[in-house]
Amino acid sequence: MKTFLAITLIFFVTGCNLNSRKKMEESSVLGPITLVIHGGAGTITRANMTPEKEEAYHRQMKQALDHGYDILENGGKSLDAVVAVIKILEDSPLFNAGKGAVFTYDGKNELDASIMDGSNLAAGAVAGVSTIKNPIVAAYTVMTKSEHVLLAGKGAEEFAEEQGLEIVPALYFFDSTRYQQWLKLKAGEKKTDGISDEKKFGTVGCVALDKYGNLAAGTSTGGMTNKKYGRIGDSPIIGAGTYANNLTCGVSATGWGEYFIRLSAAHDVHAMMAYGNLSLKEAADSVILKKLPNLGGDGGLIALDRQGNFAMPFCTEGMYRGYIAKKGQAKTFIYKE
């Protein structure tokens, strides 16, 4: 009996070692340089989109993807591509980040952003800033030029100015479309209960895999329309809105931030891959299509692993999203396909 148990144990241990070795070998095989982006999830339907505006979104996302791919193709690092791509999206009034940021209850713009390096788990973030033209650059600078991970408000702005980042007046962020959305919500807030879709969605994000096999992820947002009390969502929270680890994946999330924080959503994708042996798609789908709606939230995410596999699940009516893995072949989407 003891001999039988010993033999069984040997086979079990050997099998586990073989599986672990196979998994390590598979993870060491790098995929092609790849870049994935999102521009926010929410109530996005053809019924509320003009052909001209739809084309504008596709054009802007493809421009960002092509630019990021050029950086990767020319030997740039995943971090470089993530920053450059998100800067393009921040500079476009089409997205709720940077130039297109929504208005707070007090009629101001408060911006959040974060970035993470999958090669060493370095990370940086800023929250509640109002004078930094490109919050993703500020997040990157926090990661690379300070001993901190997250800086907020006036302190983050002071740090950015000391580091020579571009500082702009509040008027720079003014967008008439966002302003009208805010006025509409202000006028109707006493007539409705809860949080409308117009208030809670809008973020941009990027994940990238470079030729060196390193992953990076970044996220930037203008937050929730008409928000009060200095509310901060998941976008600047490492592990909630952004996460990257070369062992598994890079993730950027978009949606109802409070739920992504409670779920540690971005890190959860990593954890299910690392400890549950799930594939990238299985882990991403579990978070967005099961755990998030079961808790009462909604939204989406983009995720990418070192083999070039990517996932873009969402449980809303639409999500601005796209990817590129070959030069000149950027693909972008808006609605459920």
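Taken together, the values in this text are just the output of simple stated rules run on the coordinates, not laboratory data. Note that the coordinates shown come from a computational prediction; the quantities given were computed from them, not determined experimentally. Note that we place each Cβ from the backbone using ideal geometry, even for glycine, and neighbour counts take in every protein chain shown.
Sorting 203-209, 100-106, 124-130 by average packing, meaning the other beta carbons within 10 Å per residue, from highest down gives 203-209, 124-130, 100-106. Within the chain, the longest run free of exposed loop sites, counting trypsin sites (Lys or Arg not before Pro) that sit outside DSSP helix and strand states (H, G, I, E, B) and have at most 13 other Cβ atoms within 10 Å, spans 1-107. In a Gaussian network model over the chain where Cα atoms closer than 10 Å are linked, find which of Y243, Y140, Y172 has the largest mean-square fluctuation. Of Y243, Y140, Y172, the Gaussian network model singles out Y172 as fluctuating most. The separation of the range 54-83 from the range 276-337, counted between C-alpha centres, amounts to 18 Å. Here the contact order of the chain, divided by its residue count and restricted to Cα pairs under 8 Å and six or more residues apart, works out to 24 percent.
Given axes a ≥ b ≥ c from the Cα gyration tensor, I'd like to know whether the range 248-337 is rounded (a/c under 1.5), prolate (a/b larger than b/c) or oblate. In terms of gyration-tensor shape, oblate. For the range 163-313, a/c is not less than 1.5, where a ≥ b ≥ c are the root eigenvalues of the C-alpha gyration tensor, and a/b does not top b/c. That puts it in the oblate class. In the P(r) worked out for the chain, what percent of Cα pairs fall beyond 27 Å? I get 42 percent for the Cα pairs in the chain exceeding 27 Å.
Among all the aspartates and glutamates, which ones have a C-alpha under 19 Å from K62's C-alpha, if same-chain residues fewer than 8 places away are not counted? Correct list for K62: E52, E54, D70, E73, D80, E90, D91, D210, E337.
If you run the Gaussian network model on the chain, springs between alpha carbon atoms under 10 Å, then out of A187, A283, A81 the most flexible one is A187. Among rounded, prolate and oblate, which fits the range 43-107 when a ≥ b ≥ c are the square roots of the eigenvalues of its C-alpha gyration tensor, a/c under 1.5 means rounded, and a/b larger than b/c means prolate? Cα axes put the range 43-107 in the oblate bin.
Filter the cross-link list K186/K290; K154/K291; K77/K281 down to pairs whose alpha-carbon distance in this structure exceeds 30 Å. The answer is K186/K290; K154/K291. Report, to the nearest 10°, how far helix 2-28 tilts away from the longest principal axis of the Cα atoms in the chain, using its own Cα long axis and a range of 0 to 90°. Rounded to the nearest ten degrees, it is 40. With a 10 Å cut-off between alpha carbons and a GNM built on the chain, which of N96, N48, N214 moves the most? The residue that fluctuates most here is N48.
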